[in-house]
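Worksheet: the structure to be examined is printed underneath.
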Amino acid sequence: MNYRKILVEYGKKLLDKKLVEGTSGNISLRGEDEDTFYITPSGMDYLEITERDIVKINSNGIPYDKSQKPSSEFRLHLEIYKNYPNYKAIVHTHSPFATAFSVSRKKIPLILIEMEPFLGGEINVAPFYKAGSVEVSKSVIPYLSNANSCLMANHGVVCCGSDIKSAFLSAEYVEDAAKIYYYSLNIGDPKIIG
Ligand SMILES: [Zn+2]
């Protein structure tokens, strides 16, 4: 599997689908062995990232190529891979509707039938800690066992999957659910499933 190529492609998809703005967000893939993963670089335009810019890091967060700088949020990915061996890909977005719910620190309840099979249920909000900190990376862990995605307070969304396709699909479904829930709240009296 060409991890670097996949991450370059999906970085562009993040922009295309308007799940991130500027250089925000990041994506990673678990590597050949449990101790390695590949992640998008720090502060680079998704349209300019090439395969060589993708950072391969070990389980301590150290890049194999010391001259490279991984996304500042690499600890988040590290902690999730450590706690959930079943997750092989992580997509972190700042998609607008879902991030608005994270700012209001309100969960997205089970309102659409797709949410159960694709996301695992309702999407909760992990508490606020400084971006990139050890605390923020640990804070999401309890919220990723029932559902494969959660919101990070005043920050954005983190979605996990057994492969990049499913993690990316989750990122799209979380944003879709947030948007529809927002509209329904405006119309009034949204009904929760089950
Ligand atoms: Zn972020």
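Screening segment 1-70 for strands (runs of 3 or more DSSP E) wholly inside it with 2 or more residues that are of a type in the set (Gly, Ala, Ser) and out of contact with any helix residue (DSSP H, G or I) (no Cβ under 9 Å at 6 or more places or on another chain) returns no ranges.
Restricting segment 175-194 to residues that are free of Cβ contacts under 8 Å to residues at least 40 places away in the same chain and not acidic (Asp, Glu), the residue that is surrounded by the most Cβ atoms within 10 Å (Cβ to Cβ) is 185.
Exactly one residue out of 103, 136, 158 is in contact with a Lys or Arg (Cβ under 9 Å, 6 or more places away or on another chain), among the β-branched types (Val, Ile, Thr) and either within 16 Å of the ligand (Cβ to nearest atom) or at negative phi (or both): that is 136. Taking (1) surrounded by 22 or more Cβ atoms within 10 Å (Cβ to Cβ); (2) more than 13 Å from the ligand (Cβ to nearest atom) in turn, residue 172 satisfies each apart from (1). Looking across segment 112-130 at every residue that is in contact with a Ser or Thr (Cβ under 7 Å, 6 or more places away or on another chain) and either closer than 15 Å to residue 177 by Cβ or among the small types (Gly, Ala, Ser) (or both), the one that is farthest from the ligand (Cβ to nearest atom) is identified as 118.
Just one of (1) within 16 Å of the ligand (Cβ to nearest atom); (2) among the basic types (Lys, Arg); (3) part of a loop (DSSP other than H, G, I, E, B); (4) touching a residue at least 12 places away in the same chain (Cβ under 8 Å) fails for residue 75. It is (3). The conditions of being aromatic (Phe, Trp, Tyr), part of a helix (DSSP H, G or I), closer than 26 Å to residue 98 by Cβ and touching a residue at least 24 places away in the same chain (Cβ under 8 Å) are met by residue 81.
When the criteria are applied in full, residue 19 meets the requirement of being within 16 Å of the ligand (Cβ to nearest atom), over 18 Å from residue 137 (Cα atoms) and crowded, with 19+ Cβ neighbours inside 10 Å. Taken together, 4, 52 contain a single residue that is surrounded by 18 or more Cβ atoms within 10 Å (Cβ to Cβ) and of a type outside the set (Val, Ile, Thr), which is 4. The residues on offer are 104, 137, 162, and the sole one that is over 14 Å from the mean Cα position of the chain (by Cα) and of a type in the set (S, T, N, Q) is 104.
Working carefully through the options 164, 80, 108, 90, find the one that is away from the ligand (no atom under 16 Å from the Cβ), touching a helix residue (DSSP H, G or I) at 6+ places or on another chain (Cβ under 9 Å) and closer than 26 Å to residue 62 by Cα. Sole residue among the options that is away from the ligand (no atom under 16 Å from the Cβ), touching a helix residue (DSSP H, G or I) at 6+ places or on another chain (Cβ under 9 Å) and closer than 26 Å to residue 62 by Cα: 164.
Any read-out appearing in this document is the output of simple, stated calculations on the displayed coordinates, not a laboratory observation. Note that this is a predicted model, so its numbers are computed, not measured. Virtual Cβ from ideal backbone geometry, glycine too; neighbours counted across all protein chains shown.
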